[in-house]
Each structure stands twice: as C-alpha cells, then as structure tokens.
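After the structure tokens below, expect a handful of questions from me.
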Amino acid sequence: MKTFKKVVIWILAIILVVVLVSYVLPKTYKVERSVYIKSKPELIYDITGNFNKWKLWVPWTRALDTSAVFELIGKEGQVGTIWKWEGKILGNGQMTATEYIPSQLLAYDLSFDKGKYQSKGKITIEKTGDSCKVSWIDQGDLGYNPVNRYFGLMMDKMMGPDFAKGLKKLKNVCEARASWPRIEEKSMPARIAILIRDSAGPKTYAKVMGKGFGELMGFVKAGKLKCTGPPFAIYVKFDTITMNGVFDMGITVEKAEKSKGRVRFENLPAMNAVVAYYFGPYDKTADTYKYLHQYASEAELQMAGGPWEIYVTDPMTEKDPAKIETDIVFPVK
C-alpha cells in the first residue's frame, strides 16, 4: 500500500512539474518560411492572393486527399471571403481573408476542427531587384493549456516542411509563367452578333478572313448598324495536324435585324471564360493557346465550346506587330 501511495505521489509530482514547466514555455508560436522568386509581384500575388489558385502550389490538395471537398464563399479579393475544405485526410477547416494589399500581402484567419484550433497567417511579397522575396507565416496564441504549450514546440517541425514545399512549387509555377501573357478568368456578357461561317487552311486564313470581315462591315454600313465591340472569330472545328479550321467571323452589334446572304444574326449567351491578352503577330499565337490549355487544366476547368479570337487592335492602323492585341478566349465551365 505504501508503495502504491509513493507511485501516486511521484506521478502527481511529475504532472505538477510538467504543468509548471509549461508555464515558462512560449505562449505563442510562429512558423515562417521564405523563398526568392524571379517573377513580377503582380503575378505572384495573382496566384497567392486567389484562394482558388492555391491548388496550383500548396501541398494540401485533392492529390493528397481524393475525398477532399473545397468550397469558396464570397468573392476573390474581398475581405471576408472564406475558403473551406473537408476530407478524410485533410480534416475540416477554413481560411477567412482579413486583409489584401495588391502585389504585397494576403492575410487570413485559419481554423481547424470547427474552430477548435485557430491561428493567423499571411503571405508577403517584397520586391528585391529582379526577384521577389515571398514569405509564408503562421502564428498563434497557445493560451494557458499546458498541452498546447508543449504542442507549440513542435509547430515549426510540423508546418515548416509543408510551407517550404509549397513555396518551392510556387517558385516553379511563377517562374514558368513569367513569359506568359496576362491570363484571367472572367464572365463575358450576352451579346448580339452578325456572323459569317467559313473555313480556311494555313495559306488561306488571311484571304478568307479579309473577305469575310469585309462583307460584315459592308452589312453594318448598309444597315446602319451600331457596332458594340471589336471583330472576332469563333473556331467551330480545328485540325491541329493540318491547321485547317472552320470558324464563325463576327461583329457584335447593338440590336438584331434580318439575316441576308451569308450574314446571320445570333444571340450569343453569357459565358464564363479564361482570357489571355496576347500582343504580337497573328501567326505567333500557338504558345498562348498552349498556356491557356495548361492554365485551364491546372485550374480544373472544362472547355464549354470552341476558342475565340478577339481582334482588339486594327492592324491597318497599328503597324508595329508587337503592339497588336488579340484576346484569346476559352469558354469554360
């Protein structure tokens, strides 16, 4: 019996010591990792400041947990936007955006297990020469719970390697995209257009499109129609081997009239799209198409129709090919 009492006393003493020691341990913790990325701060911010694009670089994605379900509540770039997730491996948690400074900072509140564990995080972007120093920081208050105080000693080893892994991938993604044109996801409104359908091959595109757009402009003038946007082409079919395509040439107009000859009117519905703003000669757009396909694939977006080319700059008035803008549009869902 005496031995048992001694054991109990020793256990209580050890617990007391452990508790007392916990109160001299740090009350807060901070995990921080940084990386230098040779890219523009605007590009880095576009990928880090947009919760929907975190899947491009963070370690915690469906590749790690196929059961995970992610949900975005709110609008990107606004304080209060929430990114939630739940999965067998990732558990449940959410990030709530608390501050945005374009090209410099995203700050957020982080919580796990329905708010049981909470911390504050941020990603900072600091321009340094031709590169940017990007830091990912998480810090929290451990309170007076002795277990949490000891747990805090392990936070850097638990979170730090994932932060470093994510920043390394972010560096690879941003530096690979440094040569890309600006790409964004946007909603395009419904519109009324006059269209002509035709086909062409590598040697005949210029001639066929010149004739088609000439007919459309003649139709506009004859009917005294008001144009509401630049001319465009929608590719209905395209053979990547022969480079032959079937396409609709179009011009948006203010209101619909009767069709005539090859010219038809059509109400084009609103759509979600990924748009690349390309500057350069028309025959050098192949890389931009490749970048858009990669972007859509990484963002898990599916094509919802043929690609568009919107001819923003009139080559008759702009003689410098490098300044000719063509917006390449992928309808997506």
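Read-outs: derived from the displayed coordinates by stated rules, not from any lab. Since the structure is predicted, the reported quantities are computational estimates derived from the model, not experimental observations. Quick reminder, even Gly has a Cβ in these numbers, built from the backbone with ideal geometry, and neighbours come from all protein chains shown.
How much mean residue ellipticity at 222 nm does the chain get from its helices, if each DSSP H run of length 4 or more adds -39500 (n - 2.57) and you divide by all residues, to the nearest 500 deg cm²/dmol?
Values: 6 runs with 90 residues, N = 333.
Value at 222 nm, helices only, nearest 500: -9000 deg cm²/dmol.
Moving to a separate point now. So, R0 is 25 Å and r is the distance between the beta-carbons of Lys122 and Asn272; what FRET efficiency does that work out to, to 0.05? Mind dumping the intermediate values first?
On the way: r = 30 Å, r/R0 = 1.20.
Taking R0 as 25 Å, the efficiency between Lys122 and Asn272 is 0.25.
At most 13 other Cβ atoms within 10 Å plus a DSSP loop assignment makes a site exposed; report the longest stretch of the chain without any exposed chymotrypsin sites (Phe, Trp or Tyr not before Pro). Write out the running numbers ahead of the final one.
Working: sites that count: Tyr23, Tyr144.
Excluding the exposed sites themselves, the longest stretch runs over 145-333.
If you take the charge dipole of the chain about its Cα centre, with +1 on Lys and Arg Cβ and -1 on Asp and Glu Cβ, which of Met303, Ile137, Leu72 is farthest toward its positive end?
Positive-end residue among those listed: Ile137.
Right, next: Here are some values of semi-axes √(5λ) of the Cα gyration tensor in Å: (1) 48, 25, 17; (2) 58, 20, 17; (3) 34, 25, 18. Which one was computed from this structure?
(2)
Another one. Where in region 222-299 are there trypsin sites (Lys or Arg not before Pro) that are in a DSSP coil and have at most 11 other Cβ atoms within 10 angstrom of their Cβ? Intermediate results must be reported in sequence, preceding the final value.
Details: sites: Lys224, Lys226, Lys237, Lys255, Lys258, Lys260, Arg262, Arg264, Lys284, Lys290; in loops: Lys224, Lys226, Lys255, Lys258, Arg262.
Loop-located and lightly packed - Lys224, Lys226, Lys255, Lys258.
Now for a different question. Normalising by the residue count of the chain, find the relative contact order in percent from Cα pairs under 8 Å and 6+ residues apart. All intermediate terms of the calculation are to be shown ahead of the outcome.
Details: 639 pairs, mean separation 52.1, N = 333.
Across the chain, relative contact order equals 16 percent.
Taking 0.36 nm per residue of sequence separation and subtracting the Cα-Cα distance, how much length would be gained by fully extending the chain between Thr242 and Asp141, in nm to one decimal?
Details: separation 101, 0.36 × 101 = 36.36 nm, distance 6.29 nm.
Extra length available between Thr242 and Asp141 comes to 30.1 nm.
Fully extended, how many nm does the chain gain between Lys258 and Asp130 (0.36 nm per residue separation, minus their Cα-Cα distance)? The partial results should precede the final answer.
Numbers: separation 128, 0.36 × 128 = 46.08 nm, distance 5.62 nm.
Stretched fully, the Lys258-Asp130 segment lengthens by 40.5 nm.
Quickly work out the Glu175-to-Lys211 label distance, labels modelled 7 Å from Cα along the C-beta direction, and quote it in nm with one decimal.
5.0
Continuing with the same structure: Output the 0 to 90 degree angle, nearest 10, between the alpha-carbon long axis of helix 155-176 and the longest principal axis computed from the alpha carbons of the chain.
Approximately 20 degrees, to the nearest ten.
Which residue, Lys171, Lys40, Lys207, tops the fluctuation ranking in a GNM of the chain built on C-alpha contacts under 10 Å?
Lys207
Mark the label point 7 Å from the Cα of Lys75 along Cα→Cβ and return the residues of region 30-64 whose backbone N is within less than 12 Å of it.
Correct set: none at all.
Another one. Between Lys30 and Lys221, what is the label-point separation in nm under the 7 Å Cα-to-beta-carbon projection?
So the two model labels end up 6.9 nm from each other.
Which whole-number percent is the relative contact order of region 146-293 (Cα, under 8 Å, 6+ apart)? The partial results should precede the final answer.
Working: 190 pairs, mean separation 48.9, N = 148.
33 percent.
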